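The values are calculated or read from the model by the stated rules, or taken from the named source; none is laboratory data. The structure displayed is predicted, hence computed values, not measured ones. Ideal geometry is used to build each Cβ from the backbone, glycine not excepted, and the neighbour counts take in all protein chains shown. Side chains are part of the model used for accessible areas, which takes the heavy atoms of the whole protein and leaves out ligands, DNA and RNA. Shrake-Rupley method; radii C 1.70, N 1.55, O 1.52, S 1.80 Å.
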Amino acid sequence: MNILLLGAPGAGKGTQAELLAEHLHIPHVASGDLFREALRSDTPLGREAKGYIDRGELVPDAVTIAMVRERLAAPDSREGVILDGFPRTIEQARALDEVLAEQRQKVDLVAFIRVRPDELLKRLSGRWTCRDCGGVYHTLYNPPQRPGVCDACGGALYQRPDDRPETQSRRIEVYLAQTSPLVEHYRRRRVLVEIDGEQDIARVQDDLRKAVTGKQQAKA
Ligand code: ADP
Ligand code: ADP
Ligand code: ZN
(Lines give C-alpha, C1' and ligand atoms only; values in the text may rest on other atoms or scores of the structure.)
(Ligands and ions follow the chains in the order given, each with its own letter.)
Protein backbone atom coordinates (compact mmCIF):
# COMPACT_ATOMS: atom_id res chain seq x y z
CA MET A 1 0.00 0.00 0.00
CA ASN A 2 1.20 3.50 -0.82
CA ILE A 3 -0.07 6.02 1.68
CA LEU A 4 0.41 9.79 1.54
CA LEU A 5 0.18 12.04 4.56
CA LEU A 6 -0.97 15.47 3.56
CA GLY A 7 -1.13 18.45 5.90
CA ALA A 8 0.37 21.80 6.76
CA PRO A 9 3.76 22.19 8.45
CA GLY A 10 3.27 21.06 12.05
CA ALA A 11 0.10 19.04 11.40
CA GLY A 12 1.77 15.89 12.73
CA LYS A 13 2.70 14.10 9.49
CA GLY A 14 6.14 12.98 10.68
CA THR A 15 4.86 11.85 14.09
CA GLN A 16 2.01 9.84 12.58
CA ALA A 17 4.07 8.44 9.69
CA GLU A 18 6.64 7.05 12.11
CA LEU A 19 3.97 5.22 14.17
CA LEU A 20 2.17 3.93 11.09
CA ALA A 21 5.40 2.71 9.49
CA GLU A 22 6.14 0.60 12.57
CA HIS A 23 2.63 -0.80 12.52
CA LEU A 24 2.55 -1.66 8.80
CA HIS A 25 6.25 -2.57 8.44
CA ILE A 26 6.74 -0.35 5.42
CA PRO A 27 9.24 2.52 5.11
CA HIS A 28 8.53 6.10 6.13
CA VAL A 29 9.81 8.33 3.35
CA ALA A 30 9.95 12.01 4.33
CA SER A 31 11.18 14.47 1.71
CA GLY A 32 12.15 16.97 4.44
CA ASP A 33 14.31 14.32 6.16
CA LEU A 34 15.97 13.45 2.83
CA PHE A 35 16.80 17.13 2.31
CA ARG A 36 18.12 17.51 5.86
CA GLU A 37 20.36 14.46 5.41
CA ALA A 38 21.72 15.99 2.20
CA LEU A 39 22.30 19.31 4.00
CA ARG A 40 24.18 17.60 6.79
CA SER A 41 26.37 15.64 4.39
CA ASP A 42 26.91 18.83 2.35
CA THR A 43 26.11 17.07 -0.95
CA PRO A 44 25.34 19.00 -4.16
CA LEU A 45 21.64 18.29 -3.52
CA GLY A 46 21.96 19.73 -0.01
CA ARG A 47 23.72 22.85 -1.28
CA GLU A 48 21.06 23.36 -3.93
CA ALA A 49 18.17 22.96 -1.47
CA LYS A 50 19.60 25.02 1.40
CA GLY A 51 18.48 28.52 0.34
CA TYR A 52 14.90 27.41 -0.27
CA ILE A 53 14.64 25.55 3.03
CA ASP A 54 16.11 28.50 4.97
CA ARG A 55 13.54 30.83 3.41
CA GLY A 56 10.66 28.41 4.05
CA GLU A 57 10.01 27.97 0.35
CA LEU A 58 9.63 24.83 -1.70
CA VAL A 59 12.68 23.32 -3.35
CA PRO A 60 12.04 23.29 -7.13
CA ASP A 61 9.98 20.37 -8.39
CA ALA A 62 12.66 18.92 -10.68
CA VAL A 63 15.16 18.58 -7.83
CA THR A 64 12.61 17.22 -5.37
CA ILE A 65 11.10 14.75 -7.81
CA ALA A 66 14.51 13.35 -8.77
CA MET A 67 15.38 12.85 -5.10
CA VAL A 68 12.14 11.04 -4.25
CA ARG A 69 12.26 9.00 -7.45
CA GLU A 70 15.64 7.67 -6.42
CA ARG A 71 14.41 6.83 -2.91
CA LEU A 72 11.38 4.95 -4.29
CA ALA A 73 13.64 2.88 -6.55
CA ALA A 74 15.23 1.26 -3.45
CA PRO A 75 14.20 -2.38 -2.91
CA ASP A 76 12.52 -1.69 0.45
CA SER A 77 9.88 0.43 -1.30
CA ARG A 78 8.45 -2.48 -3.23
CA GLU A 79 5.73 -3.36 -0.73
CA GLY A 80 4.63 0.26 -0.54
CA VAL A 81 5.67 3.29 1.47
CA ILE A 82 4.32 6.03 3.67
CA LEU A 83 5.15 9.34 2.03
CA ASP A 84 5.35 12.35 4.33
CA GLY A 85 5.78 15.82 2.86
CA PHE A 86 5.69 14.69 -0.76
CA PRO A 87 3.95 15.54 -3.03
CA ARG A 88 3.63 19.23 -2.18
CA THR A 89 2.59 20.49 -5.64
CA ILE A 90 0.31 19.24 -8.41
CA GLU A 91 3.41 18.74 -10.57
CA GLN A 92 4.92 16.48 -7.90
CA ALA A 93 1.65 14.55 -7.64
CA ARG A 94 1.74 13.88 -11.39
CA ALA A 95 5.35 12.74 -11.20
CA LEU A 96 4.53 10.44 -8.31
CA ASP A 97 1.77 8.77 -10.34
CA GLU A 98 4.30 8.13 -13.10
CA VAL A 99 6.94 6.70 -10.78
CA LEU A 100 4.41 4.40 -9.13
CA ALA A 101 2.90 3.34 -12.46
CA GLU A 102 6.37 2.24 -13.61
CA GLN A 103 6.34 -0.14 -10.61
CA ARG A 104 2.72 -1.18 -11.30
CA GLN A 105 1.61 0.64 -8.20
CA LYS A 106 -0.52 3.63 -7.34
CA VAL A 107 -1.50 6.00 -4.56
CA ASP A 108 -3.91 3.95 -2.45
CA LEU A 109 -4.74 6.34 0.36
CA VAL A 110 -4.20 10.01 1.09
CA ALA A 111 -4.74 11.00 4.71
CA PHE A 112 -5.30 14.71 5.07
CA ILE A 113 -4.45 15.71 8.64
CA ARG A 114 -6.36 18.88 9.36
CA VAL A 115 -5.09 21.36 11.98
CA ARG A 116 -5.95 25.07 12.32
CA PRO A 117 -3.19 27.64 11.72
CA ASP A 118 -2.99 28.95 15.31
CA GLU A 119 -2.43 25.41 16.56
CA LEU A 120 0.18 24.80 13.82
CA LEU A 121 2.22 27.75 15.10
CA LYS A 122 2.19 26.36 18.65
CA ARG A 123 3.35 23.01 17.40
CA LEU A 124 6.19 24.40 15.28
CA SER A 125 7.36 26.67 18.11
CA GLY A 126 7.73 23.75 20.53
CA ARG A 127 9.12 21.19 18.11
CA TRP A 128 12.46 19.53 18.91
CA THR A 129 14.01 17.17 16.39
CA CYS A 130 16.66 14.47 16.89
CA ARG A 131 19.89 15.11 15.01
CA ASP A 132 20.57 11.41 14.63
CA CYS A 133 17.24 9.67 13.87
CA GLY A 134 14.91 12.55 12.96
CA GLY A 135 12.56 11.69 15.87
CA VAL A 136 10.18 14.54 16.79
CA TYR A 137 9.21 15.84 20.21
CA HIS A 138 7.34 18.80 21.62
CA THR A 139 8.22 20.67 24.81
CA LEU A 140 4.58 20.54 26.03
CA TYR A 141 2.67 18.01 23.93
CA ASN A 142 5.22 15.22 23.58
CA PRO A 143 8.25 15.87 25.77
CA PRO A 144 11.22 13.49 25.75
CA GLN A 145 11.97 11.64 29.00
CA ARG A 146 15.19 13.64 29.43
CA PRO A 147 15.23 17.23 28.13
CA GLY A 148 17.32 17.57 24.98
CA VAL A 149 17.83 13.82 24.53
CA CYS A 150 16.04 11.52 22.06
CA ASP A 151 14.13 8.65 23.75
CA ALA A 152 14.61 6.41 20.74
CA CYS A 153 18.35 6.71 20.10
CA GLY A 154 19.93 8.97 22.74
CA GLY A 155 20.77 11.59 20.07
CA ALA A 156 20.81 15.33 20.79
CA LEU A 157 17.61 17.27 20.11
CA TYR A 158 17.68 20.62 18.29
CA GLN A 159 15.20 23.21 17.06
CA ARG A 160 15.06 23.33 13.27
CA PRO A 161 16.17 26.74 11.99
CA ASP A 162 13.11 26.82 9.71
CA ASP A 163 10.86 26.50 12.80
CA ARG A 164 11.78 30.10 13.75
CA PRO A 165 8.71 32.41 13.90
CA GLU A 166 9.57 34.28 10.64
CA THR A 167 9.89 31.09 8.61
CA GLN A 168 6.95 29.34 10.29
CA SER A 169 4.39 31.72 8.88
CA ARG A 170 6.05 31.78 5.46
CA ARG A 171 5.84 27.97 5.33
CA ILE A 172 2.15 28.02 6.20
CA GLU A 173 1.53 30.59 3.41
CA VAL A 174 3.45 28.43 0.96
CA TYR A 175 1.42 25.42 2.05
CA LEU A 176 -1.88 27.25 1.50
CA ALA A 177 -0.84 28.54 -1.92
CA GLN A 178 0.96 25.54 -3.40
CA THR A 179 0.09 22.40 -1.46
CA SER A 180 -3.50 22.76 -0.24
CA PRO A 181 -4.90 22.33 -3.82
CA LEU A 182 -3.81 18.69 -3.49
CA VAL A 183 -6.69 18.12 -1.05
CA GLU A 184 -9.26 18.66 -3.82
CA HIS A 185 -7.05 16.88 -6.34
CA TYR A 186 -7.09 13.67 -4.30
CA ARG A 187 -10.67 14.09 -3.13
CA ARG A 188 -11.76 14.00 -6.77
CA ARG A 189 -9.81 10.78 -7.17
CA ARG A 190 -11.68 9.30 -4.19
CA VAL A 191 -8.56 8.36 -2.27
CA LEU A 192 -8.77 11.12 0.33
CA VAL A 193 -9.64 10.58 3.96
CA GLU A 194 -9.83 13.58 6.25
CA ILE A 195 -8.53 13.20 9.80
CA ASP A 196 -8.99 15.55 12.73
CA GLY A 197 -5.38 16.36 13.55
CA GLU A 198 -6.21 18.30 16.71
CA GLN A 199 -6.84 15.19 18.77
CA ASP A 200 -4.00 13.74 20.82
CA ILE A 201 -1.31 11.77 19.02
CA ALA A 202 -2.76 8.34 19.91
CA ARG A 203 -6.28 9.23 18.71
CA VAL A 204 -5.00 10.59 15.41
CA GLN A 205 -3.06 7.35 14.95
CA ASP A 206 -6.20 5.33 15.71
CA ASP A 207 -8.17 7.18 13.04
CA LEU A 208 -5.34 6.72 10.59
CA ARG A 209 -5.17 2.98 11.21
CA LYS A 210 -8.93 2.70 10.77
CA ALA A 211 -8.65 4.46 7.42
CA VAL A 212 -5.89 2.06 6.36
CA THR A 213 -7.89 -0.99 7.43
CA GLY A 214 -10.89 0.33 5.50
CA LYS A 215 -8.77 0.62 2.36
CA GLN A 216 -7.19 -2.80 2.83
CA GLN A 217 -10.63 -4.37 3.09
CA ALA A 218 -11.83 -2.50 0.03
CA LYS A 219 -8.76 -3.72 -1.88
CA ALA A 220 -9.13 -7.39 -0.83
P1 ADP B 1 7.28 20.22 7.75
O2 ADP B 1 7.65 19.32 8.88
O3 ADP B 1 7.14 21.62 8.17
O4 ADP B 1 6.12 19.76 6.97
P5 ADP B 1 9.43 19.23 6.04
O6 ADP B 1 10.45 18.65 6.93
O7 ADP B 1 8.53 18.29 5.34
O8 ADP B 1 8.57 20.32 6.83
O9 ADP B 1 10.13 20.17 4.95
C10 ADP B 1 11.10 21.12 5.31
C11 ADP B 1 11.47 21.93 4.09
O12 ADP B 1 12.05 21.07 3.08
C13 ADP B 1 10.30 22.60 3.36
O14 ADP B 1 9.97 23.86 3.93
C15 ADP B 1 10.86 22.74 1.95
O16 ADP B 1 11.79 23.80 1.85
C17 ADP B 1 11.63 21.44 1.78
N18 ADP B 1 10.75 20.38 1.23
C19 ADP B 1 10.37 19.23 1.85
N20 ADP B 1 9.57 18.50 1.06
C21 ADP B 1 9.44 19.19 -0.10
C22 ADP B 1 8.72 18.96 -1.31
N23 ADP B 1 7.96 17.86 -1.49
N24 ADP B 1 8.82 19.89 -2.29
C25 ADP B 1 9.58 20.99 -2.13
N26 ADP B 1 10.26 21.27 -1.02
C27 ADP B 1 10.20 20.38 0.01
P1 ADP C 1 4.81 17.71 10.49
O2 ADP C 1 5.68 16.54 10.09
O3 ADP C 1 3.46 17.65 9.87
O4 ADP C 1 5.48 19.03 10.29
P5 ADP C 1 5.37 16.86 13.24
O6 ADP C 1 5.00 15.42 13.30
O7 ADP C 1 6.80 17.18 13.18
O8 ADP C 1 4.55 17.59 12.05
O9 ADP C 1 4.70 17.57 14.51
C10 ADP C 1 4.89 18.96 14.76
C11 ADP C 1 5.02 19.18 16.27
O12 ADP C 1 3.76 18.93 16.90
C13 ADP C 1 6.01 18.26 16.96
O14 ADP C 1 6.63 18.98 17.99
C15 ADP C 1 5.14 17.11 17.50
O16 ADP C 1 5.71 16.54 18.69
C17 ADP C 1 3.85 17.84 17.82
N18 ADP C 1 2.64 17.01 17.59
C19 ADP C 1 2.43 16.11 16.60
N20 ADP C 1 1.18 15.59 16.66
C21 ADP C 1 0.57 16.19 17.72
C22 ADP C 1 -0.74 16.08 18.30
N23 ADP C 1 -1.68 15.26 17.79
N24 ADP C 1 -1.01 16.84 19.37
C25 ADP C 1 -0.07 17.68 19.87
N26 ADP C 1 1.19 17.83 19.37
C27 ADP C 1 1.51 17.09 18.30
ZN1 ZN D 1 16.93 9.97 17.84
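Comparing Ala95, Thr64, Ala111 along the charge dipole axis of the range 64-130, the residue lying farthest to the positive side is Ala111, per the Cβ-charge model.
Among Glu194, Glu184, Glu48, the residue with the largest mean-square fluctuation in a Gaussian network model of the chain, with springs joining Cα atoms closer than 10 Å, is Glu184. Computed 3J(HN,Hα) for the range 111-124, one whole-Hz value per residue from the Karplus formula 6.51 cos²θ - 1.76 cosθ + 1.60 where θ = phi - 60°, is 9, 9, 8, 8, 9, 6, x, 5, 6, 4, 5, 5, 5, 5, glycine and proline marked x. 3J(HN,Hα) couplings calculated from phi for the range 147-162 with the Karplus curve 6.51 cos²θ - 1.76 cosθ + 1.60 (θ = phi - 60°) are, in sequence order, x, x, 10, 6, 4, 6, 10, x, x, 7, 8, 9, 9, 4, x, 7 Hz; Gly and Pro show x.
Overall, the chain carries a charge dipole of about 280 debye about its Cα centre when +1 sits on the Cβ of Lys and Arg and -1 on the Cβ of Asp and Glu, all other atoms neutral. For the pair the range 1-79 and the range 107-180, the centres of their Cα atoms are 14 angstrom apart. Of the peptides 163-174, 96-107, 127-138, the order by per-residue mean of other Cβ atoms within 10 Å, starting with the highest, comes out as 127-138, 163-174, 96-107.
Normalised by residue number, the volume inside the convex hull of the Cα atoms of the range 28-136 is 124 Å³ per residue.
Taking each of Lys13/Lys215; Lys50/Lys106; Lys13/Lys219 in turn, the alpha-carbon distance tops 21 angstrom for Lys50/Lys106; Lys13/Lys219. Ranked by solvent-accessible area (1.4 Å probe, protein heavy atoms only, all chains present), the residues Ile195, Ile53 order from largest to smallest as Ile53, Ile195. Highest-first packing order for the peptide set 139-146, 29-36 is 29-36, 139-146, based on the mean count of other beta carbon atoms within 10 Å. Taking the Cβ-Cβ separation of Ala66 and Arg104 as r and a Förster radius of 25 Å, what is the calculated FRET efficiency to the nearest 0.05? Given R0 = 25 Å and the Cβ-Cβ separation, E is 0.70. Using a ≥ b ≥ c from the Cα gyration tensor of the chain (square roots of the eigenvalues), is it rounded, prolate or oblate, where a/c under 1.5 gives rounded and otherwise the larger of a/b and b/c decides, a/b for prolate? Rounded, because the longest to shortest axis ratio a/c is under 1.5. For the range 56-72, 3J(HN,Hα) computed residue by residue from phi via the Karplus equation (6.51, -1.76, 1.60; θ = phi - 60°) reads x, 9, 7, 5, x, 3, 4, 5, 5, 5, 4, 5, 6, 4, 5, 5, 6 Hz, glycine and proline entered as x.
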